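I have placed the structure first, in the form of structure tokens, so that the comments after it can refer back to it.
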Amino acid sequence: MPNEKDYKLLDNIEEDIMQELKDSDGYLNIGGQTAKGDRDIYFACKDFRKPSNVFFKILQNYSNAFEIEYDIYKDNTGSRLRDLKTTNEEGQLLT
């Protein structure tokens with residue numbers, strides 16, 4: 001598991017995402033987990049444009065603290081975001 005400082009920063013990142021992608025606007029946080037050096041966050045979204053812009057901004061704001069990756073998948077139910085990798089500034093995977 002991440003140390004307390006990294007865990008708090010990961011929570012801040014997730015909160016930043018939640019402030020931009022509100023469930024009332026069609027962006028539902030459907031779950032997540034922190035394990036084996038990764039924090040995965042899953043959203044069901046009505047479109048992909050806004051989530052793509054939000055994650056681009058997250059990458060710009062937090063890439064100095066963590067290695068951040070995201071994927072957007074489109075299926076019959078909408079778009080989903082996932083994969084927030086948790087590697088600290090020393091390059092160590094956090095578990």
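Scanning segment 1-52 for residues that are among the hydrophobic types (A, V, I, L, M, F, W, C) and under 10 Å from the mean Cα position of the chain (by Cα), we see that the one that is surrounded by the fewest Cβ atoms within 10 Å (Cβ to Cβ) is 18. Here segment 3-49 is the region considered, the condition is being in a loop (DSSP other than H, G, I, E, B) and either in contact with a strand residue (DSSP E or B) (Cβ under 7 Å, 6 or more places away or on another chain) or on the phi > 0 side of the Ramachandran plot (or both), and the residue that is modelled with the highest pLDDT is 21.
Annotation: residue 58 fulfils all but one of (1) modelled with pLDDT under 90; (2) in contact with a strand residue (DSSP E or B) (Cβ under 9 Å, 6 or more places away or on another chain); (3) not acidic (Asp, Glu); the unmet one is (1).
The values are calculated or read from the model by the stated rules, or taken from the named source; none is laboratory data. Small disclaimer: the values here were computed from a predicted structure and weren't measured. Positions of Cβ are backbone-derived with ideal geometry, glycine not excepted, and every protein chain shown enters the neighbour counts.
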